[in-house]
Structures are given as structure tokens and as C-alpha cells.
1. Could you give me the ³J(HN,Hα) list for the stretch 177-182, computed from phi with Karplus coefficients 6.51, -1.76, 1.60 and θ = phi - 60°, whole Hz, x at Gly and Pro?
2. Please report the equivalent ellipsoid semi-axes of the stretch 34-188, computed as sqrt(5 x eigenvalue) of the Cα gyration tensor, largest first, in whole Å.
3. The stretch 99-184: percent of C-alpha pairs farther apart than 21 Å?
4. If neighbour count is taken as other Cβ atoms inside 10 Å, put ASP149, ASP176, ASP101, ASP143 in order from fewest to most.
5. How high is the relative contact order of the stretch 99-184, given as a whole-number percent (alpha carbon pairs under 8 Å, six or more residues apart)?
Amino acid sequence: MARYTGPVCRLCRREGIKLYLKGDRCYSDKCPLVRRPYAPGQHGQVKRKLSEYGLQLREKQKAKRIYGVLERQFRNYFEKAERMKGVTGENLLILLERRLDNVVYRLGFASSRAQARQLVRHGHFTVNGRKVDIPSYLVRPGDKIAVKDKSRELPLFKELAAAAAVHTPPAWLKVDPEKMEGEVLALPTRDQIDVPVQEHLIVELYSK
């Protein structure tokens, strides 16, 4: 399972915005982006004007880091989005939103996408009653995602259940925090995806 294993707060500083990769820490004063609001590295405080290619690259990197995917997998998502009907950039974001780890995060069953990815890999979730431990699994309308019965007794999931009770999922999802279950009501639309990404720049980058 290929994934980024370095310091994630460094990624937020590089992009200049909060990507919310560390859960609750991102909402506190301990967030490194609050303390050091400039890019990491020796020349991080030097402001440079980005070229057209630089702007496109930054948008692609931002999207990859938000959803926790690496280059080859991200490129595969783009190629799949190109083959789908509709706007390629929107299709790309919809595919990324449909990942099981993202849906677990959106339902409030994890404090970050990284935690959701780990919990899925450890087999704590079922889809339509069957265990699924593949974070990239693409959900469909009508799918029901639930925490396994044995997992619900773990202290971590009791904490997550309390957090899910006050969490508001996007309109395309429905959650029952008491049963630790959720349902995919429909595919997300672009206005329901709140990630700060200009997807048309990613399309322009890959179209060169």
C-alpha cells in the first residue's frame, strides 16, 4: 500500500492553506501553518510569482494531498474521469469523493482521511454487510457503510461515535451515529464538494 509517510503539516505549509490532514490538531493553535504561515525549507519565506504551469502543478499536488493518493493512482483517476460523461474535472473530484476512506471521514467515523484509511485497512468497516478493507473502494448510491459489531466496543470507536453525533455529513450521505452506520444517498455534485481545488487547472495540466 503506497502512501505518504512524511510530516503532513509540512504539506499544508507548502500549499499555503489548511488541508486538514491531522484531524483536531488542524483546528487548534498548535497547527504549524498558524505558527509559521510560509512554505517549509531554507527559502520558504521568499515569495515567488508562479508560472501558469506552477499554478496547475500546485492544484494537482493539493488535490493529491487532500485525498492521500500518490501520482500513479491519481493519474488513473484522471484517465477514468476523462472516459466518463460530463466535465472531466468534476468527474475527477467525484471519483475521489467516492473512495471508501473519504466516505468514512465524511460520515464522521474518523477525524481525518489518514485515520479513515488506516481504520479501513484494519478491517473495521463493512459495505452492505461485507467487510471491505480497501481504502480506494468506490461506493455507489444505495451502499450502506457500517462499523463492524466487534469494533464498536473499542474505546476509539466510542469516542468517534460521540463525535459523529455532532457531525453534519454532506447532503449526499446519511448517517446514524447511534448505530454507527451511514448510507450513500446519491453521487456528490460539484457544489457539495468543499475541497479548495480548482479542478480545471488539473485538467489543463494533464492535457498538455
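Throughout, read-outs are computed from the coordinates displayed, never taken from laboratory work. Computed from a prediction, not measured in an experiment: that's the story for all the values here. Cβ: placed from backbone, ideal geometry, glycine included. Neighbour counts: every protein chain shown.
1. x, 5, 8, 6, 10, x
2. Taking √(5λ) for each eigenvalue gives 31, 21, 13 Å, largest first.
3. The calculated P(r) of the stretch 99-184 puts 14 percent of pairs beyond 21 Å.
4. By the 10 Å Cβ count, ascending, the order reads ASP149, ASP176, ASP143, ASP101.
5. Normalised by residue count, the contact order of the stretch 99-184 is 32 percent.
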